[in-house]
């Protein structure tokens, strides 16, 4: 059996990859992909830890909810990105900076 | 097995009785969507009236819950209904109602091609999420409610999106919010991995106590980051000015009041699990939150001085107020919970009135810039007079409700200082007093420009439809209330009877 720490390690690495993508990418959709990585890192943790919580199944349940909520948030974010593209003709967050001026 | 199923069904049926306000909001959400679909051209008016009545009904049910004596744990520890949560829910519903009135008088929303019925549905769903935030007792519920509010807020900010600024505010809010909630989710997954339970109870704390301190602290900090985004305390505040400036004014007013009230509700629920009842603290929340509150007050108030756009200024001032309310959170006693309820209630009235007046003045004069208010003080006497009262209350000037609120929070912090004598707490209180003085400078810029500076040219005032004047009267009424509650705080405080547990 694979030890629990390995799952957590994979989760941590995935989280860092996602965070790296969020901080460095110049494209709003790639940032969303990074966020998706971070959420999936958490889901791996949940499912892996769920094996020690067999009677309540908290981890598995949480994983399902997290998947659904992530999909909802991404749908909204994509709609907003589409709207931004109509106005700016770009989705580079660095170039979208008319506020504050 | 059979036994446990019938047992949990019984528990759910029992719990539903305590969930009437939320059930009412859920039903209202569906009704508003359906009426919006079938009423055609009159949809805005009809859904507006339906939503307002629905919120009143939800308010009636919530007021009925004021009889709850102690905290009731429902749905297998999913949510916990405390007296504190009931008060927060009432304030949230008040925010919702004021928001509905506000949408009626905002020209930008009134002229929106697609109508307002969807916005009303979104607001109701967001309020539902906020209600659950104030009652959460489980990490799953915490994540779900925060996420529910987040998604609703993104939609509200991006609802009109008629120009570049609004869509920019929406995308910044959505991306930053999604990152913060992903960070929080990871923190929750770590907490679950360490403790094996999602319920914030004694078992959770006991299991967390035996995990390595570094890992446990990291997980708690990650969760706090997600909540901090909603509260907009300092390391996570930089989205606030942009979003408050870009979003349409009613939405800004709603997010700056209801969003904060719900966030304070959830942070109390989260801290309760770690409170000294269990005899230990993993991360010293008191020190951590004190430092955060000090920095939040300094940055919020000092950055507000340089702002010319009134919405941006109010955004920074709301950050400053967050820092101040956090003082009550740090004191964490029955008195401080009471002070916090009073502060949040008054803050709701003040901020709603301030944004309503800023919106009215924008429609009348065509500007949001404080430096362009020159000479309008005499042209719009009622609006600016009410605005000055509201600003005095935001400063915490004696004889306004803002003063009483600040005094209550301050005295609850002082009580803790007399008890513990910690230096950090002394610095915190000193900063609270100092930044209140600083806030004089930026709030008084408005009457300075409106009344004292001579205009370069004769100020031009646009004539407005009747419903805009309606907004003026509402905000003037709110300003009057602030004075009344300042002189007779018992009118509110007499009703508030609660313990923090």
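Points worth noting:
- Test for residue B:190: is it more than 15 Å from the chain's Cα centre (by Cα), at the interface with chain A (Cβ under 7 Å from one of its Cβ atoms), surrounded by fewer than 24 Cβ atoms within 10 Å (Cβ to Cβ) and assigned to a helix (DSSP H, G or I): no
- Of all residues in the stretch A:16-26, at least one satisfies being more than 7 Å from chain B (Cβ to nearest Cβ), in contact (Cβ under 8 Å) with a residue 40 or more places away in the chain and out of contact with any helix residue (DSSP H, G or I) (no Cβ under 6 Å at 6 or more places or on another chain).
- Residue B:312 meets the conditions (1) free of Cβ contacts under 8 Å to residues at least 60 places away in the same chain; (2) touching a helix residue (DSSP H, G or I) at 6+ places or on another chain (Cβ under 7 Å) in every case but one. The failed one is (1).
- Checked against (1) within 7 Å of another protein chain (Cβ to nearest Cβ); (2) within 21 Å of residue B:141 (Cα to Cα); (3) not in a helix (DSSP H, G or I), residue A:39 passes all but condition (3).
- Given (1) within 25 Å of the chain's Cα centre (by Cα); (2) in contact (Cβ under 8 Å) with a residue 60 or more places away in the chain; (3) more than 13 Å from every other protein chain (Cβ to nearest Cβ), number of the condition residue B:142 does not satisfy: (3)
- Output for the stretch B:26-84, where each listed residue is over 21 Å from the mean Cα position of the chain (by Cα) and in a loop (DSSP other than H, G, I, E, B): B:39, B:68, B:69, B:70, B:71, B:75, B:76, B:77, B:78
Here is a yes/no grid of residues against (1) in contact with a strand residue (DSSP E or B) (Cβ under 7 Å, 6 or more places away or on another chain); (2) crowded, with 24+ Cβ neighbours inside 10 Å; (3) within 7 Å of chain A (Cβ to nearest Cβ):
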{"residue": "B:155", "(1), (2), (3)": "no, no, yes"}
{"residue": "B:162", "(1), (2), (3)": "no, no, no"}
{"residue": "B:167", "(1), (2), (3)": "no, yes, yes"}
{"residue": "B:171", "(1), (2), (3)": "no, yes, yes"}
{"residue": "B:177", "(1), (2), (3)": "no, yes, no"}
{"residue": "B:180", "(1), (2), (3)": "no, no, no"}
{"residue": "B:185", "(1), (2), (3)": "no, yes, yes"}
{"residue": "B:194", "(1), (2), (3)": "no, no, no"}
{"residue": "B:199", "(1), (2), (3)": "yes, no, no"}
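- When the residues of the stretch A:42-76 are filtered to those that are outside any helix (DSSP H, G or I) and facing chain B (nearest Cβ under 8 Å), the one that is farthest from residue B:154 (Cα to Cα) is A:52.
- Selection from the stretch A:86-101 of residues that are without any contact (Cβ under 8 Å) to a residue 12 or more places away in the chain, surrounded by fewer than 19 Cβ atoms within 10 Å (Cβ to Cβ) and either touching a helix residue (DSSP H, G or I) at 6+ places or on another chain (Cβ under 9 Å) or facing another protein chain (nearest Cβ under 7 Å) (or both): A:86, A:87, A:88, A:90, A:95, A:97, A:98, A:100
No value in this document is a laboratory result; all are computed from the given coordinates. Computed from a prediction, not measured in an experiment: that's the story for all the values here. Cβ: placed from backbone, ideal geometry, glycine included. Neighbour counts: every protein chain shown.
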